[in-house]
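Pasting a structure below so you can have a look.
The values are calculated or read from the model by the stated rules, or taken from the named source; none is laboratory data. Since this is a predicted model, take the numbers as computed values, not measurements. Methodologically, a virtual Cβ is constructed for each residue, glycine included, from the backbone with ideal geometry; neighbour enumeration extends over all protein chains shown. Heads up: the accessible areas ignore ligands, DNA and RNA and are worked out on the full protein's heavy atoms, side chains in. Shrake-Rupley method; radii C 1.70, N 1.55, O 1.52, S 1.80 Å.
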Amino acid sequence: QVQLVESGGGLVQAGGSLRLSCAASGLTFSSYAMGWFRQAPGKEREFVAAISWSGGRAYYADSVKGRFTISRNNAKNTVYLQMNSLKAEDTAVYYCAADIRDSQVVVGGTPVYWGQGTQVTVSS
């Protein structure tokens, strides 16, 4: 079955950086658009970033544009989220997601596969 396993979360000071990874298995990774979402306590889950199957197109939420970068390595079945200049409001559980349809499906918040999430806490 499809598995998406996130790693790389943790506690970091405001202004710092973290790199999240999501290792995928059970699917033809290079055929899937991938994305990252996050959910803060008491808030709805929100879109963070998405990347097309080839890596040629990337999309970002306005709140992270210029600070976060999504990338993928199809040879390693892994998608990454480089997070720089972190703010307290970036504190959330971050989820990896995948969908074989267009990356706009991921942007729209309805990808078919989800990981279990990794906690990111930014102290101010």
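Could you give me the ³J(HN,Hα) list for segment 111-124, computed from phi with Karplus coefficients 6.51, -1.76, 1.60 and θ = phi - 60°, whole Hz, x at Gly and Pro?
Result, rounded to whole Hz: x, 7, 10, 9, x, 8, x, 9, 7, 10, 10, 10, 8, 9.
Return the whole-Å distance between the Cα centroid of segment 44-74 and the Cα centroid of segment 96-124.
That distance is 9 Å.
Could you give the dipole magnitude of the chain about its Cα centre, charging the beta-carbon of Lys and Arg +1 and that of Asp and Glu -1, in debye to the nearest 20? Working shown, then result.
Details: 11 positive and 8 negative charges, 46 e Å.
In total the dipole reaches around 220 debye.
Return P(r) of segment 53-114 (all Cα-Cα pairs; 10 Å bins starting at 0; whole %; ordered from short to long distances).
18, 54, 26, 1
I'm checking a number: the convex hull volume of the Cα atoms of the chain, normalised per residue, in Å³. What is it? Walk me through the numbers before you get to the answer.
Values: hull volume 11.1 nm³, N = 124.
Dividing the Cα hull volume of the chain by its residue count gives 90 Å³.
Tell me the mean residue ellipticity at 222 nm calculated for the chain from its helices only (DSSP H runs of n ≥ 4, each -39500 (n - 2.57), averaged over every residue, nearest 500).
On the way: 1 runs with 5 residues, N = 124.
Helices in the chain give a 222 nm mean residue ellipticity of -1000 deg cm²/dmol.
Let me ask you something else. How large is the accessible surface per residue of the chain, computed with a 1.4 Å probe and reported in Å² as a whole number? Write down the numbers at each step before the final one.
Details: 6110 Å² over 124 residues.
Here the per-residue accessible area is 49 Å².
Let me ask you something else. Over 13 Å, how big is the tail of the calculated P(r) for segment 22-88, in percent of all Cα pairs? Working shown, then result.
Numbers: 1415 of 2211 pairs.
It works out to 64 percent of all Cα pairs.
Mind checking the full-extension length gain between SER7 and ARG57? Use 0.36 nm per residue of separation minus the Cα-Cα distance, one decimal, nm.
Numbers: separation 50, 0.36 × 50 = 18.00 nm, distance 2.33 nm.
Gain on extension, SER7 to ARG57, equals 15.7 nm.
In a GNM of the chain with a 10 Å cut-off on Cα contacts, which of GLY26, GLY15, GLY108 has the highest mean-square fluctuation?
Residue with maximal mean-square fluctuation among GLY26, GLY15, GLY108: GLY26.
Continuing with this model, one more query. Cut-off under 15 Å on the C-alpha distance; same-chain residues fewer than 8 positions from LYS65 excluded. Which aspartates and glutamates are left, in chain and number order?
GLU46, GLU89, ASP90
For the chain, give the percent of accessible area contributed by carbon and sulfur heavy atoms, probe 1.4 Å, rounded to a whole number. Numbers along the way, then the final one.
Values: 2850 of 6110 Å².
Its accessible area is 47 percent carbon and sulfur atoms.
Let me ask something else about it. By a straight-distance test (C-alpha under 18 Å), which lysines pair with LYS43 as possible cross-link partners, with residues fewer than eight away in the same chain excluded?
Qualifying lysines at Cα under 18 Å: LYS87.
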